[in-house]
2 protein chains.
Amino acid sequence: MSAPYKILLTENEIPRNWYNIQADMPNPTLPPLHPGTKQPVGPQDLAPLFPMELIKQEVSKERFIEIPDEVREIYKLWRPTPMFRAHRLEKLLDTTAKIYYKYEGVSPSGSHKTNTAVAQAYYNKMEGVKKITTETGAGQWGTALSFACNMFGMECDVYMVRISYDQKPYRKAIMNSYGANVYASPSDRTQAGRNILASDPTTSGSLGIAISEAIEMAVQNDHTKYALGSVLNHVLLHQTIIGEECLLQMEKAGDFPDVVIAPLGGGSNFAGISFPFLRQNLLHGKKVRAVAVEPASCPKLTQGEFRYDFGDSAGYTPLLPMYTLGHNFFPAAIHAGGLRYHGASVLCSQLLRDNLIEAVAIQQLECFEAGVAFAKAEGIIPAPEATHGIAQVFREVQKAKEEGTSPTILFNLCGHGFLDMQAYQDYFDGKLHDHVLTQEDLKSGIKDLADYPKI
Amino acid sequence: MSAPYKILLTENEIPRNWYNIQADMPNPTLPPLHPGTKQPVGPQDLAPLFPMELIKQEVSKERFIEIPDEVREIYKLWRPTPMFRAHRLEKLLDTTAKIYYKYEGVSPSGSHKTNTAVAQAYYNKMEGVKKITTETGAGQWGTALSFACNMFGMECDVYMVRISYDQKPYRKAIMNSYGANVYASPSDRTQAGRNILASDPTTSGSLGIAISEAIEMAVQNDHTKYALGSVLNHVLLHQTIIGEECLLQMEKAGDFPDVVIAPLGGGSNFAGISFPFLRQNLLHGKKVRAVAVEPASCPKLTQGEFRYDFGDSAGYTPLLPMYTLGHNFFPAAIHAGGLRYHGASVLCSQLLRDNLIEAVAIQQLECFEAGVAFAKAEGIIPAPEATHGIAQVFREVQKAKEEGTSPTILFNLCGHGFLDMQAYQDYFDGKLHDHVLTQEDLKSGIKDLADYPKI
């Protein structure tokens with residue numbers, strides 16, 4: 001164990017650029033379409049929701065986009081994040097493979113979401129926005145945006161799905177600590193919310209309703225915009241700082257990964273760590289495998305269809321070309337709330353279609369088993385989302401044993417589990433189950449897409 | 001803002017020694033007494049509970065005690081911890097003072113407690129112990145010991161005060177994740193527990209009962225010992241790694257503190273950061289002020305008496321010479337559970353008596369106000385205990401403004417608040433109150449000490 005546990009960088013080594021994989025993809029992504037006209041949407045369609053600089057990033061083909069000094073300055077509160085060599089996990093697994101993990105849980109809000117939250121808040125601030133609205137389900141994204149808005153002295157209104165609002169009071173308290181306003185959704189503040197409440201006063205809410213409330217408030221109020229925590233190109237762009245740091249850290253460690261692994265919900269976590277390594281493949285002849293891990297209960301990459309669908313379950317967004325189970329697909333209530341998304345970001349979808357990345361689906365019991373083993377070996381309790389990456393690491397190690405190889409494995413430990421301990425308790429209590437989907441389940445959401453363009 | 005936010009050390013720079021302030025105190029501490037004979041206790045009195053190496057550390061006069069390689073190896077999972085320059089807090093407070101904080105919340109269990117837990121588990125392991133028992137109230141200590149025992153492949157039985165067991169299920173789940181057994185106390189596993197349950201089946205338990213259960217199991221079972229998370233000399237010793245790292249980090253920063261601040265419950269957190277700086281005073285002519293901050297609802301240092309008292313509320317320990325409110329003093333249910341202790345460790349008490357440290361008591365509303373301001377400025381949500389140190393930082397800054405000085409301030413941010421968000425929610429909801437003690441309150445515990453030796 002002479003190699004160090006933590007490979008650290010100094011603040012001066014925080015990367016100066018995000019990496020825009022659109023510059024290097026062999027096949028460009030298909031354009032998003034207006035659901036009414038079925039024509040490609042333009043910047044003006046998105047302007048009511050997002051500042052122009054983010055809209056530009058959404059379609060940019062520049063390879064590198066400079067990280068503003070003001071954003072880097074805030075990143076310094078927790079970045080560069082450590083990359084760990086998992087010596088104790090290697091010993092536990094009795095493997096000759098080398099295992100590294102990047103730990104994004106050191107961010108103030110406890111996950112990688114803060115990387116894009118700060119960037120989005122900054123660009124909004126620069127364009128005179130006073131308030132950002134958003135929705136949150138599990139709470140990670142709302143927490144990150146609350147932190148970021150506070151840093152720039154902006155207001156933040158978070159519409160939190162009613163059932164999460166009631167079941168996760170700690171999340172609300174953290175957002176309040178950062179000065180954000182947190183509203184149980186549906187609320188009586190919006191027409192969308194009032195309509196729902198009128199017909200069902202005791203509804204537990206949904207992410208779709210919360211999105212519609214946040215968008216309504218952004219569209220109807222001056223100096224107010226809306227922010228999204230995953231899926232869109234600019235969100236994935238901001239997360240690439242994770243992988244850019246890993247490139248530097250691998251160099252310091254005198255190593256290079258054979259495989260990079262991360263969970264995939266919308267795609268920003270996976271993109272964050274893998275895209276800079278994919279650049280090494282696309283431009284420099286490397287052959288890093290990039291493996292996205294989705295929950296078996298929401299297997300858009302491995303069992304979905306590549307076609308146009310809405311990015312949100314409410315049908316407010318443009319139609320996006322992506323692997324999807326259909327925006328009406330309702331995933332089982334697994335504990336990795338951040339992975340319960342019907343589609344995969346346009347960029348990740350195109351890369352999978354072009355066989356530049358891999359995808360695998362894993363059931364939650366296997367993930368929690370791996371997560372507990374990891375916690376015992378390395379000390380850190382992983383967020384339920386992150387356990388999906390760990391489970392795949394275990395599979396890679398097993399495969400390597402069978403093949404007699406010693407790969408170098410890197411995975412993204414995207415957040416800690418301190419605020420998700422109910423999930424672990426349920427696991428220990430035997431209350432968690434795997435969810436095996438039937439062909440009927442898998443088609444339940446797709447069939448509603450008949451009216452939208454196929455690819 | 002050209003100075004960095006984080007002053008980091010490499011793993012090779014983890015200090016090789018703990019600092020034993022007993023070597024340098026102008027007046028030695030008085031001996032602990034057997035409550036029956038009133039004579040000094042010897043090693044044999046403590047042997048049923050603790051391994052001999054820890055008993056030796058308890059009375060050692062060696063200045064430096066080497067940290068075993070096996071312990072340093074585990075420390076590397078999170079140590080050295082970062083020391084932050086609080087640029088944003090300085091700006092918020094509009095001060096010319098320089099503010100630094102050491103952040104112990106990066107430890108796997110989320111607080112400084114892990115430093116001694118690992119050391120104690122190691123020495124027990126070396127002496128053939130298979131299981132360690134302990135009690136936990138708020139849960140920080142139980143979590144840390146669970147982590148540590150797991151690292152050495154030992155069993156850990158945690159007796160958790162019933163009301164905490166019910167109100168803090170997340171804590172139990174974390175301990176279970178590390179493989180510990182967690183029992184609501186009183187339990188039916190011990191005679192002490194069964195006796196209580198027979199007379200009061202619905203009792204909410206107490207730390208005193210939990211201690212008696214843990215001790216009973218340690219005494220009655222082979223290869224089983226007991227561990228304590230604060231107060232004792234060897235516990236304070238192990239925490240000095242915090243201050244030893246700070247000495248190195250201050251050197252890297254080209255700075256040196258005028259004042260070092262930490263909350264004081266039993267004393268290990270305060271001792272951890274301050275004792276190495278007190279060595280600079282005692283041996284090298286420095287004049288660092290060391291300020292211990294206690295809750296105004298439990299003011300043993302500022303309003304207690306220096307006299308012999310039990311270390312625990314149940315009366316099982318030897319009589320210790322310390323500042324105390326009496327072991328029957330029952331502090332108000334403030335949210336900083338880790339500070340609700342009737343006495344102060346023997347070492348901290350003697351240092352205060354000799355005017356080598358300072359003490360101040362602060363009400364909880366002032367602490368939470370400071371804690372929220374800190375979170376907004378620096379991002380990290382502090383544990384309620386830690387907010388006491390922050391409140392004192394705010395006072396020092398105000399004093400410096402009035403005096404026209406620019407001191408360098410260092411405080412110990414001993415843990416994060418992710419598992420204590422109910423406290424913040426109660427604060428936001430206006431449910432928290434200050435607790436002003438009457439003279440009668442202050443004497444309520446002291447009057448029961450009449451039969452024990454005065455100093």
Could you check segment B:163-179 and list, in sequence order, the residues that are surrounded by fewer than 23 Cβ atoms within 10 Å (Cβ to Cβ) and in contact with a Ser or Thr (Cβ under 6 Å, 6 or more places away or on another chain)? B:163
I need the full set of residues from segment A:387-415 which are within 14 Å of another protein chain (Cβ to nearest Cβ) and over 12 Å from residue A:335 (Cβ atoms), in order please. A:390, A:413, A:415
Members of segment A:199-217 that are modelled with pLDDT under 95, more than 22 Å from the chain's Cα centre (by Cα) and of a type outside the set (Asp, Glu): A:199, A:201, A:202, A:203, A:204
Mind listing just one residue for me: the one in segment A:416-431 that is open to solvent by 50 Å² or more (accessible area, probe 1.4 Å) and among the charged types (D, E, K, R) and, of those, farthest from the other protein chains (Cβ to nearest Cβ)? A:431
Is it the case that segment A:276-289 has a residue that's open to solvent by less than 30 Å² (accessible area, probe 1.4 Å) and in a strand (DSSP E or B)? no
Conditions (1) more than 25 Å from residue A:226 (Cβ to Cβ); (2) open to solvent by 70 Å² or more (accessible area, probe 1.4 Å); (3) β-branched (Val, Ile, Thr); number of the one not met by residue A:59: (1)
Please go through (1) more than 18 Å from residue A:245 (Cβ to Cβ); (2) in contact with an Asp or Glu (Cβ under 9 Å, 6 or more places away or on another chain) for residue A:95 and return the number of the only condition it doesn't satisfy. (2)
Residues located in segment A:131-151, provided they are open to solvent by 20 Å² or more (accessible area, probe 1.4 Å), at the interface with chain B (Cβ under 10 Å from one of its Cβ atoms) and either free of Cβ contacts under 8 Å to residues at least 60 places away in the same chain or small (Gly, Ala, Ser) (or both): A:150
Do we find that residue A:446 is open to solvent by 70 Å² or more (accessible area, probe 1.4 Å), more than 19 Å from residue A:265 (Cβ to Cβ) and modelled with pLDDT under 95 in this structure? no
Which of the residues spanning segment A:419-455 are in a helix (DSSP H, G or I), farther than 28 Å from residue B:144 by Cα and of a type outside the set (Val, Ile, Thr)? A:439, A:440, A:441, A:442, A:443, A:444, A:447, A:448, A:449
One residue is enough: does segment A:164-177 have a residue meeting the conditions within 14 Å of another protein chain (Cβ to nearest Cβ) and assigned to a loop (DSSP other than H, G, I, E, B)? yes
What number of residues within segment B:152-162 satisfy the criterion of being open to solvent by 50 Å² or more (accessible area, probe 1.4 Å) and over 19 Å from residue B:423 (Cα atoms)? 2
When residue B:117 is evaluated against the numbered criteria (1) in contact with a Phe, Trp or Tyr (Cβ under 7 Å, 6 or more places away or on another chain); (2) surrounded by fewer than 24 Cβ atoms within 10 Å (Cβ to Cβ), which criterion, by number, is the only one it fails? (2)
Would you call residue A:377 touching a residue at least 24 places away in the same chain (Cβ under 8 Å), out of contact with any Pro (no Cβ under 6 Å at 6 or more places or on another chain) and at the interface with chain B (Cβ under 10 Å from one of its Cβ atoms)? yes
Candidates A:110, A:128 - the one that is buried (at least 24 other Cβ atoms within 10 Å of the Cβ) and either of a type outside the set (S, T, N, Q) or closer than 18 Å to residue A:171 by Cβ (or both): A:110
Can you pull out the residues in segment A:319-336 that are in contact with a helix residue (DSSP H, G or I) (Cβ under 7 Å, 6 or more places away or on another chain) and open to solvent by 30 Å² or more (accessible area, probe 1.4 Å)? A:323, A:328, A:335
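The values are calculated or read from the model by the stated rules, or taken from the named source; none is laboratory data. Computed from a predicted model, the values in this text were never measured in an experiment. Cβ coordinates were reconstructed from backbone atoms using ideal geometry, including for glycine residues, and neighbour counts include every protein chain displayed. Just the protein is used for accessible areas: all its heavy atoms, side chains included, with ligands, DNA and RNA removed. Shrake-Rupley method; radii C 1.70, N 1.55, O 1.52, S 1.80 Å.
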